[in-house]
Each structure stands twice: as structure tokens, then as C-alpha cells.
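Just below is one structure, and these are the notes that go with it.
The values are calculated or read from the model by the stated rules, or taken from the named source; none is laboratory data. Keep in mind that this is a model prediction, so the values were computed, not measured. Cβ sites come from the backbone with ideal geometry, for glycine too, and all protein chains shown count toward neighbours.
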Amino acid sequence: MNPNYLDFEQPIAELEVKIEELQLVGSDNEINISSEIETLRDKSTKLTEKIYSNLSAWDIVKVARHPLRPHTMDYIPRIFTEFDELHGDRHFGDDRAIVGGIARLDDRPVMVIGQEKGRAVKDKVLRNFGMPKPEGYRKALRLMEMAERFKMPVVTLIDTPGAYPGIDSEERGISESIAQNLAVMSRLATPIICIVIGEGSSGGALGIGVGDHLAMLQYATYFVISPEGCANIIWKSSDKAPDAAEAMGVTSSILQELGIVDATIPEPLGGAHRDVDLMAQRIREHIITQLDSMEQLPLEDLLAKRYQRLMSYGN
Amino acid sequence: MSWIDRILPSGVGSEESEKRSSSVPEGLWKKCVKCEAVLYRPDVERNDDVCPKCDHHMRIGARQRLGSFLDDADREEILADIEPVDRLKFKDKKRYRDRLSAAQKATNEKDALIAMRGALQGLPIIAVAFEFKFHGGSMGYAVGEKFTRAAQLALDERIPLVCFAASGGARMQEALISLMQMAKTSAVIERMKIEGVPYVSVMTDPIYGGVSASLALLGDINIAEPDARAGFAGPNIIEQTIRQKLPKGFQRSEFLLEHGAIDMIVHRTEMRDTIARLLSKLTKQPLTPAEEQPPLPGEEEVDEVTIAPEGDE
């Protein structure tokens with residue numbers, strides 16, 4: 001099995017191997033096989049389209065957690081310029097599972113805050129696999145309050161398997177740190193745009209996820225408890241995760257129907273990892289459009305709208 | 001295994017399951033789940049369901065909680081019309097709708113939060129309490145909505161809000177709608193903070209997940225009952241993650257106090273006086289001394305011992 005392809009993508013992987021083989025043959029052969037390669041490419045595209053037009057909720061969770069899935073640190077340099085990372089919560093430490101800093105979006109200075117799972121093993125450990133501790137949420141809070149003081153919009157990129165469940169996390173008040181962010185983000189006097197780029201797991205995601213606009217990438221996922229966790233509770237087995245994913249409605253299409261998610265940003269065929277530049281460009285355009293329209297509104301109206309929206313959840 | 005056991009974070013365990021193993025018949029006698037002393041039920045009730053032998057604070061229902069906390073005079077339930085909604089048509093082994101009706105039938109409540117308007121030693125307040133027996137006190141739309149509206153009433157009337165939380169966390173059958181109740185309840189609490197309307201959060205055993213990471217820890221004053229368990233992640237999840245045994249007393253009230261998460265630990269029998277005293281100072285309103293209060297219902301009913309058995313859904 002090709003690790004760069006998910007289980008349901010293996011037929012695509014097989015075609016891609018054939019294409020590669022033909023390309024190798026083609027380079028030192030008289031016979032013109034380029035038309036054959038074209039046919040196979042076409043077939044591969046059609047197959048990808050077919051598979052991706054019919055993904056189950058659980059398939060989408062897998063795409064959202066794909067090992068090649070672009071992370072916050074892949075997007076920041078592609079979406080923004082002049083990113084200056086800022087560190088530390090000023091009380092305890094610097095949590096590398098949450099990245100934050102000031103950047104420009106065209107000319108506009110913005111505060112960017114995102115969760116980062118890490119790519120290589122060492123980086124993953126450094127970033128605690130994207131599981132923030134209280135100091136991460138408190139750093140995010142510090143940066144958001146700075147954004148408010150300097151009248152910069154806040155853009156958050158959500159991608160976490162959850163807040164870190166550990167002794168130190170509990171000792172330093174992980175619950176309070178999340179709760180405090182929810183409270184402050186509900187009234188922070190500057191536009192806030194939140195985008196789920198991969199995995200939005202529960203309170204750990206929501207801790208940087210309250211704002212004026214919530215978007216999800218097409219194959220991102222957002223849930224109150226991981227499908228495995230839900231399956232463990234209900235069926236006593238994480239094998240039932242696909243059923244749990246289905247039952248909880250963890251995809252952007254359902255969450256948009258429920259009125260929780262405002263927009264879905266389409267991904268390149270086969271997922272964001274197939275074309276990171278294109279994905280970043282779409283996110284960038286989405287943020288600009290949203291900021292442009294938010295800046296038309298007087299700040300008071302924006303905040304009233306944000307509060308109204310929070311109050312309407314579930315109605 | 002009952003629904004409550006399943007909704008609880010693993011490793012927490014409910015008192016109900018512990019109690020079922022008890023060989024003491026329900027009625028006149030009650031066995032303390034902690035010290036296993038067999039207790040004369042009226043003694044326990046007179047002591048607000050705190051074990052007279054070991055001081056264990058037994059789990060009590062929302063109505064009993066509010067009944068013994070608020071003054072008897074002018075106490076009325078509010079927002080009783082809020083009903084749970086199954087927006088996702090959630091179905092696992094059973095339909096969520098059916099689970100809801102079973103819980104409603106078993107508890108005689110519409111959902112897991114009860115709200116009342118009343119007075120505390122003469123001071124007008126709004127108080128809410130979680131009914132743990134209803135889906136483990138989990139927060140879905142109905143709980144979030146009722147809490148938020150109760151807080152909004154407190155804001156409108158500029159009277160304090162007191163919340164007694166006991167909850168396994170967000171209700172997973174309402175998926176992201178329940179997650180968003182965290183944002184909703186936190187937003188209204190923030191308004192109270194800005195307006196200077198007091199909010200006292202009392203943590204009673206147990207509080208986990210989404211309720212802990214929102215309304216329970218946002219009080220102007222955070223109080224916990226002795227030995228209550230409260231945390232973000234359940235102990236089993238933490239043990240699995242770090243592959244270590246957890247230290248004794250981890251996530252208990254005393255742990256929370258030591259780590260600065262709460263202001264104080266208050267014994268149940270002193271809860272009324274303590275919160276009244278605090279709120280009197282915060283609101284600069286006088287109290288009506290306790291001796292002028294009518295007697296609590298428990299004090300009149302000492303001889304009646306036909307209390308329904310607790311627990312089983």
C-alpha cells in the first residue's frame with residue numbers, strides 16, 4: 001500500500017504507478033506512448049473525481065488527517081507576507097502547538113494564530129502533535145488582545161487532535177484557558193475569521209475558534225468528540241469510528257446545513273495536499289473577501305452580529 | 001451499564017453503579033458510597049446528603065439542590081419550556097430521540113438543567129443546577145440555551161447568577177451544536193462580567209469536558225464542594241496518553257484549589273451562608289438573617305422516609 005494514498009485511494013495509486021512506469025519506458029523508447037500516458041492520466045483524474053465525489057464522513061476525516069495534509073506552517077508563507085512570529089504567554093512558557101504572529105495580507109497587517117501538528121518526527125514532538133497546553137491558549141489570547149489594541153483583524157487556522165490531556169495541562173488549568181478564550185473572543189473588538197484547515201477537535205479547536213466567520217476547507221472535519229472516542233463510548237470499540245463519524249455529522253456540508261459553518265472552501269481534486277499553492281490561494285482570496293465585507297460594517301454592528309450568532313446556536 | 005456510566009469520562013464512574021452493589025435496602029437506610037457506613041436516612045437528609053460519618057458529599061438532584069439552597073419563600077421555576085432538539089437525528093444503537101424520552105421519563109425533567117428565580121437569605125438571585133441523572137448532566141442545546149437565558153435574565157434584572165454544575169461534558173449526540181453551547185454560555189458570562197453582575201460557579205462532583213472548559217470555570221467566584229472531581233480530560237484518557245498512573249487526589253477540589261483554579265472549597269452545609277455572604281458584599285445589598293427564614297422542608301419531614309430510590313434510568 002502506498003502510504004501517500006489513503007485506503008480508498010489505492011486504485012488511484014495503482015494508476016499513478018503505471019503512469020510513472022510508462023514515463024520511464026517512454027524516455028528511452030522509439031514507440032510513442034505519450035498518448036497512452038495521456039489516456040491514463042485522464043483515467044486517473046476521472047477516477048479521483050469519482051472517488052472524491054462520493055466520500056463518506058469517515059473518508060473525509062482521513063483526508064483531514066492525511067500525512068501530507070498542509071498545516072498552518074505550510075499555509076502562512078503562501079497566504080501572508082512578512083510573518084513575524086511572536087512567542088510565549090508571558091506567564092509560563094511558549095507552546096509550539098500554537099503558532100502566532102503578525103503578518104501582512106497585501107498591505108493589511110493581520111494577527112495570524114494557528115495550530116501546528118508538525119511534519120517530521122522531531123517537529124511533531126516539538127509541537128506536541130498539535131495538542132496545545134494552557135500556555136498555548138494563553139499565548140493566543142495575548143496575541144488576540146494585542147490585535148484588538150492595534151486594530152488588526154485576527155485570522156485563526158484550526159488543526160488539532162485536541163487540547164493536550166496531561167497532568168501538567170490540568171495543573172495549569174487547561175479548562176480555564178479555553179473558557180477564557182471563548183469568553184474574550186465573543187467580544188474582541190476586531191474582526192475574527194476562523195478557518196478549519198484540517199482537524200477541528202472539540203474544545204481544543206473551539207479555543208481559537210470563536211469569531212465573525214467560520215469556514216472549513218472542503219475535506220476538513222470538526223467534531224465535539226473524535227469519531228474514535230464517540231465509538232468507544234457507544235460501541236465500546238473504536239472500529240465503529242466510521243459509524244460515529246456518520247452519526248455526528250463531522251463534515252463541512254452538514255455543519256453548513258446546521259448553520260454552524262458559514263462557508264466551505266473547495267479543495268483541489270484529491271485534497272489540499274495535491275496542490276498546496278492552489279489551496280493557499282483559495283484560502284487567501286476567501287479571507288480577503290470576508291475582511292473586505294466585515295470592514296464595511298461599523299465595529300459595533302459586527303460585534304452585535306457576532307453575539308447574535310453565538311446566541312442562535314442550536315435554535 | 002447505565003447511560004450515565006457511558007457518558008461519563010472513562011475512569012470517573014457514577015455513584016449509581018457503585019450503589020447498585022449495595023446490599024442495603026432503599027428506604028430507611030442509606031449506605032455511604034465512600035466509607036460504606038450504613039446511615040439512617042433522615043440523618044443524612046438533615047445533613048444535606050453529606051455523610052455524617054466521613055463527610056462524603058453524596059450526589060444530589062438539581063431540584064433538591066435548588067430547594068435547599070434558595071429561600072423557601074418566592075421560589076419559582078423559570079424557563080421550564082425549553083426542550084431538547086435532535087437536529088442531527090442522531091442514531092447509534094438507539095435513536096437519540098428515544099434516549100431522550102427515556103431520560104425524560106426516568107427523571108421527570110425535560111433536560112439536564114433546572115433554573116429558578118428566588119432569593120438567598122432575602123437577596124434576589126437566579127440559580128441553576130445540573131441534573132446529573134439526565135444524560136450525565138451533559139450540555140446540549142437545551143442546557144446551553146437555558147443557562148444562557150437564565151444569565152440574560154440575571155443581566156436584565158441585575159441580580160446575581162449562581163450555577164451548580166455536575167456534568168460529564170458536551171452531549172455528543174448533538175455534536176457540534178453542543179460544542180457551540182460552550183461559546184454561547186461563555187459569551188453571556190462575559191457580558192455579565194462587563195456589566196458587573198455577579199456570577200458564582202459551584203462545582204459539584206463531577207465536572208468534565210465542555211462544561212468545565214466553559215461555564216464552570218468562568219465564575220467571578222469559583223467554588224467547589226469537598227472532594228469533587230473536575231477536569232478537562234477524563235483520568236483514563238490522561239493515563240492512556242501519558243502512560244503513567246495519576247497522582248492521588250488528581251483533579252479533586254483540593255487539587256483545583258492548590259493549582260489556583262478555584263477560590264475556595266465549601267462544605268455543602270455552609271454553601272448557603274457562604275454564597276449569601278459573598279453576594280451581599282458584591283451587590284452591596286443586605287441579607288435577611290437566616291433565623292428569619294422559614295424552616296427548610298427537610299426539617300419538617302424527618303419522619304417521612306418513603307424517599308424514592310435514586311438512580312436507575
- Elements of type strands (runs of 3 or more DSSP E) contained in region A:73-133, each with 2 or more residues being closer than 25 Å to A:Tyr222 by Cβ and of a type in the set (Val, Ile, Thr): A:98-105, A:108-115
- Query: Is there a residue being assigned to a helix (DSSP H, G or I), more than 16 Å from A:Ile193 (Cβ to Cβ), of a type outside the set (A, V, I, L, M) and more than 14 Å from chain B (Cβ to nearest Cβ) anywhere in region A:287-297?
  - Reply: no
- Among the residues of region B:216-242, the number that are more than 7 Å from chain A (Cβ to nearest Cβ), assigned to a helix (DSSP H, G or I) and more than 14 Å from B:Gly168 (Cβ to Cβ) is 2
- Any residue in region A:153-175 that is surrounded by fewer than 24 Cβ atoms within 10 Å (Cβ to Cβ), within 18 Å of A:Glu295 (Cβ to Cβ), in contact (Cβ under 8 Å) with a residue 24 or more places away in the chain and touching a strand residue (DSSP E or B) at 6+ places or on another chain (Cβ under 9 Å)? yes
- Item | Only one of A:Arg187, A:Arg172 that is among the basic types (Lys, Arg) and within 23 Å of A:Asp301 (Cβ to Cβ) | A:Arg187
- Residue within region A:251-273 that is within 12 Å of chain B (Cβ to nearest Cβ), in contact with a strand residue (DSSP E or B) (Cβ under 9 Å, 6 or more places away or on another chain) and surrounded by fewer than 18 Cβ atoms within 10 Å (Cβ to Cβ) present: yes
- Message: Given the options B:Pro235, B:Pro206, name the one that is in contact with a Gly (Cβ under 9 Å, 6 or more places away or on another chain) and more than 21 Å from B:Gly61 (Cα to Cα).
- Response: B:Pro235
- Message: Which residue is nearest to A:Ile167 (Cα to Cα), if the candidates are limited to region B:243-273 and must be facing chain A (nearest Cβ under 8 Å) and aliphatic (A, V, I, L, M)?
- Response: B:Leu246
- Note on the structure: Inside region A:233-244, the number of residues satisfying the requirement of being facing chain B (nearest Cβ under 8 Å) and not acidic (Asp, Glu) is 4
- Scan region A:114-142 residue by residue and report those that are closer than 23 Å to B:Ala213 by Cβ, away from chain B (no Cβ under 13 Å) and surrounded by fewer than 22 Cβ atoms within 10 Å (Cβ to Cβ). A:Arg142
- Query: Among the residues of region B:153-206, how many are buried (at least 24 other Cβ atoms within 10 Å of the Cβ), more than 11 Å from every other protein chain (Cβ to nearest Cβ) and assigned to a helix (DSSP H, G or I)?
  - Reply: 1
- Task: Collect the residues in region B:215-225 that are out of contact with any Pro (no Cβ under 7 Å at 6 or more places or on another chain) and touching a residue at least 40 places away in the same chain (Cβ under 8 Å), keeping them in residue-number order.
- Result: B:Leu215, B:Ala216, B:Leu217, B:Gly219, B:Ile221, B:Asn222, B:Ile223, B:Ala224, B:Glu225
- Could you please give the count of residues in region B:106-152 that are more than 12 Å from chain A (Cβ to nearest Cβ), under 29 Å from B:Gly234 (Cα atoms), among the β-branched types (Val, Ile, Thr) and surrounded by 24 or more Cβ atoms within 10 Å (Cβ to Cβ)? 2
- Query: Of (1) surrounded by fewer than 14 Cβ atoms within 10 Å (Cβ to Cβ); (2) assigned to a loop (DSSP other than H, G, I, E, B), A:Lys46 satisfies all except one. Which?
  - Reply: (2)
- Condition met for A:Gly204 (of a type outside the set (A, V, I, L, M), more than 7 Å from chain B (Cβ to nearest Cβ) and either in a strand (DSSP E or B) or over 19 Å from A:Gly130 (Cβ atoms) (or both)): no
- Message: With in contact with a Pro (Cβ under 9 Å, 6 or more places away or on another chain), surrounded by 24 or more Cβ atoms within 10 Å (Cβ to Cβ) and touching a residue at least 60 places away in the same chain (Cβ under 8 Å) as the only criterion, which of B:Gly234, B:Gly209 stands out?
- Response: B:Gly209
- Message: Kindly evaluate B:Ala150 against the criterion of being among the aliphatic types (A, V, I, L, M), outside any strand (DSSP E or B) and more than 17 Å from the chain's Cα centre (by Cα).
- Response: no
- Message: Out of the residues in region A:233-274 meeting the condition of being in a loop (DSSP other than H, G, I, E, B) and of a type in the set (Gly, Ala, Ser), tell me which one is farthest from B:Arg171 (Cα to Cα).
- Response: A:Gly270
- Would you point out which residue out of A:Gln218, A:Gln180 is within 12 Å of chain B (Cβ to nearest Cβ), surrounded by fewer than 24 Cβ atoms within 10 Å (Cβ to Cβ) and modelled with pLDDT of 95 or more? A:Gln180
- Exception for A:Cys230 within (1) within 13 Å of chain B (Cβ to nearest Cβ); (2) out of contact with any helix residue (DSSP H, G or I) (no Cβ under 7 Å at 6 or more places or on another chain) falls at (2)
- Of (1) assigned to a helix (DSSP H, G or I); (2) of a type outside the set (Val, Ile, Thr); (3) within 13 Å of another protein chain (Cβ to nearest Cβ); (4) within 21 Å of A:Val261 (Cβ to Cβ), A:Asp168 satisfies all except one. Which? (4)
- Select the strands (runs of 3 or more DSSP E) contained entirely in region B:50-145, then report the ones holding at least 2 residues which are charged (D, E, K, R). B:76-78
